1. Trypsin sites (Lys or Arg not before Pro), restricted to the range 54-83: which are DSSP loop and have at most 13 other Cβ atoms within 10 Å?
2. Looking at the chain, send over the antiparallel percent of its DSSP beta bridges, to the nearest 5.
3. Out of Pro113, Pro26, Thr209, whose Cα points farthest toward the positive end of the dipole of the chain (charges: +1 Lys, Arg; -1 Asp, Glu; placed on Cβ)?
4. In nm, give the distance between the simple-model label positions of Phe35 and Met16, each being 7 Å from the Cα along the Cα-to-Cβ direction.
5. What distance in nm separates the two pseudo spin-label positions at Phe181 and Glu71, each 7 Å out from Cα along the beta-carbon direction?
6. How fast does the range 87-219 diffuse by Stokes-Einstein, in µm²/s, taking the Kirkwood radius from C-alpha pairs at 20 °C and 1.002 mPa s?
7. Can you give me the distance in nm between label points at Leu297 and Asn107, each placed 7 Å from the Cα along the Cα-to-Cβ direction?
8. Please order Glu206, Glu242 by the number of other Cβ within 10 Å, starting at the fewest.
Amino acid sequence: MESHKILVIGSANTDMVVKTSRLPKPGETILGGDFFLFPGGKGANQAVACARLGGAVTFVCNLGNDVFGKEALEGFKKDKIDTSFITLDDSQPSGVAVITVNENAENTIVVAPGANGTLNAEKVLQLASVFEQTEIILTQLETPIEATEAMVKMTKKYKKRLIINPAPARELSLEILDGLFLITPNETETELLTGIYPNSPEKCLEASTILLKKGVDHVIITLGKEGAFYASKNENFLIKSEPVKAIDTTAAGDVFNGALTLSLAQNKPWKDAILFANKAAAISVTKMGAQSSAPYLKDLTIQP
């Protein structure tokens, strides 16, 4: 799939997951159940999801030069991801996330960034050859914002499409939003970016319009089990997700973004791309873990 080269820049973590009957209240200790250790991190999850569905992916991240980092690197290679631009940092540990998942598949997540925090603008600006050869770039906000700002500069310079999955939620400057190809916030992130909680198609359109007026070309608001809302200056629509029995929703948004990016790199129509992404995300919530839940193309009954 060399004609569909995808660049993912972002975070890589090791996820420590505890299953519980319910999420603890502040200051409360509860007895948990099963414990799992999974490879995770939003950038890594999205890169793996995209690669498993058939994308030619280059992943850029910083890992600690430790057991977690080395295991993550081997995992990326097994998924046939180009790891040429991954750094093993001797000064920082690999990022970790502590995740609690209740019996309704809801979760709370705390991330210690570690080496992810050293992925800076300088590293991004050194990726000229990769930007030149890629079709589309996908990133998130688990790395320093200066790196995101550098990606915006590079995508404009080389006239490439940049997708920002604005997670974890934070405000974004007009410099980042103006001319951005696509932003994919969930409900919480949408509210932070626009002041509007998208709990209806009307509110989704209202929130999307604010982002479009700030210069974003396309907006997709992910709504969990309700599906995804798409808006541009020319059209808007809601695409429902497939009903499934969720076990763990930890990386559903990451799988959605990875699958969506692959379809857009293949120049699929928006509705087809979102349907495919919804399908991949629906499969992912039926399995435990982040990268371990990302489906392969053969797992999907529809093709991208």
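Rule-based calculations on the coordinates, nothing more; no lab input. Please read all numbers here as calculations on a predicted model, not as lab measurements. With ideal geometry, Cβ positions are generated from the backbone for all residues, glycine too; neighbour counts draw on all protein chains shown.
1. Lys80
2. 40 percent
3. Working it through, the farthest residue towards the positive pole turns out to be Thr209.
4. With each label point 7 Å from Cα toward Cβ, the separation is 0.8 nm.
5. 3.4 nm
6. 131 µm²/s
7. Each label point is offset 7 Å from its Cα along the Cβ direction, giving 2.6 nm.
8. The fewest-first ordering by Cβ neighbours comes to Glu242, Glu206.
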